[in-house]
1. Is there a residue being farther than 27 Å from Leu262 by Cβ and in the same structural domain as Leu262 (by TED's automatic domain parsing) anywhere in segment 276-294?
2. For segment 309-317, state whether one or more residues are surrounded by 18 or more Cβ atoms within 10 Å (Cβ to Cβ) and outside any loop (DSSP other than H, G, I, E, B).
3. For segment 80-107, give me each residue that is in a loop (DSSP other than H, G, I, E, B) and either surrounded by fewer than 19 Cβ atoms within 10 Å (Cβ to Cβ) or β-branched (Val, Ile, Thr) (or both).
4. Give just the number: which of (1) in a loop (DSSP other than H, G, I, E, B); (2) within 24 Å of Gly264 (Cα to Cα) does Thr324 not satisfy?
5. Tally up the residues in segment 163-179 that are outside any helix (DSSP H, G or I) and either crowded, with 18+ Cβ neighbours inside 10 Å or among the charged types (D, E, K, R) (or both), please.
6. Quick test of your reading of the structure: Pro162 fulfils all but one of (1) farther than 20 Å from Lys278 by Cα; (2) at pLDDT 95 or above; (3) not hydroxyl-bearing (Ser, Thr, Tyr). Name the failing condition by number.
7. Would you check if Phe343 is of a type outside the set (Gly, Ala, Ser) and either assigned to a loop (DSSP other than H, G, I, E, B) or under 27 Å from the mean Cα position of the chain (by Cα) (or both)?
8. What tally of residues in segment 198-248 results from selecting those that are farther than 20 Å from Thr129 by Cα and touching a strand residue (DSSP E or B) at 6+ places or on another chain (Cβ under 9 Å)?
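The values are calculated or read from the model by the stated rules, or taken from the named source; none is laboratory data. Keep in mind the model is a prediction, meaning the values are calculated, not measured. Quick reminder, even Gly has a Cβ in these numbers, built from the backbone with ideal geometry, and neighbours come from all protein chains shown.
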Amino acid sequence: MRLCSLGALLLLGLLIACSKPDGPSLADRSGLIIDSIKSELAPDKRVALFTIEAFEKIDTVVLRGETDQLTAKAQLLASLNDAGIAYQDSIQSLPASYLEDDTLGVVSISVANIRSQPKHSGELATQATMGTPLRVLKKQGDWHLVQTPDKYISWMQGSFLPMNADTFQTWQEAEKVIYTNPYGFAYLDENMEHVVSDLVMGNIMKVKDENRRVYWVELPDGREAYVKRNEAVMLDDWLAEVKATEESVVETAFQLMGVPYLWGGTSAKGVDCSGYTKTIYFMNGKVLPRDASQQVHAGELVDENKNFKNLRPGDLLFFGRSATDSTRERVTHVGMWIGNDEFIHAPGLEAHVRISSINSESKNYDEFNLNRYLRTKRMLTSNRDILTLKDVKLF
């Protein structure tokens, strides 16, 4: 199987080194191969697990760790064979076999917290809203390692309904509605007196019936409720009509004006900078990568010289630290251009979504972010690393 150019060079180097009596050990040779494959096929641990190590044991190596990248694992084993390295495969492939058939699921509450570690004190990595499908990779105690449709991998405790393939397919094929208000409720009866659940923009529920006033819905965990008809849309109709335009993304952005800042947040309850831009585009039919440092690689380059006259509403502006001779570029913030020398964003220091200006004469002039501006990318007219909701392939 063909390795990347870096991998080929590393492999050639270790084979040459092995011809010397004092060449690298089996574990070191294996480690070079592991690193080259990881660099090529699983470089971002946020979206691909490839935590494999090689331990030497007499004339062989024992491979330990885990991965959900089965193609990368197969290439690793083939490369070890090509290099003449005997190995014992003790790698755990994910999803874990002990999960049996329940390797899928659907988020069952309005907004589910997904953390970087399997504990409540773990960093809030991201969130997923009701109706979001999940791939379940493994379990630790009552925590599950899950993957969202944008491929983000983190830990969740409860808040979703595990499903086998058949149950998941039934959910996928059912008629559903999508909630389009920034925030609201699902009620116990048509009188709207008792709340069953709160709701946020993007929540998806099954439809059981409807009339002129309400949708009778079923939440993913089986709870039944009523949703005001003017606050939701039939999902199939919405998917057929939704289109990301300059006007539509700006309108969505303003619907979330003033929402509080929350590290890891992706809903009307709280957003971080990239969670905000991701939510804007999601509600207009496009799925962006989760983090600013991932979003910067998507879309079409518009500017990297502060030539703001070329920007159009909906373009994403990226901020951070430029690369130097000794350090890499570091993207730490993102906002969305809305025209009139202004961009809208979720800055942590301001604690809520707000509008900033690049114009030094403006009252909302943002000198801090202007000084750390890196580039602008256009998402509306590009498909690079961007999916439409219609095209998302679910596990």
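1. Within segment 276-294 (the criterion being farther than 27 Å from Leu262 by Cβ and in the same structural domain as Leu262 (by TED's automatic domain parsing)), the answer is no, since none of the residues qualifies.
2. Within segment 309-317, one or more residues are surrounded by 18 or more Cβ atoms within 10 Å (Cβ to Cβ) and outside any loop (DSSP other than H, G, I, E, B).
3. Hits for segment 80-107 are Ala83, Gly84, Ile85, Ala86, Ala96, Glu100, Asp101, Asp102, Thr103.
4. (2)
5. Qualifying residue count for the region: 6.
6. Failed condition: (2).
7. yes
8. 8
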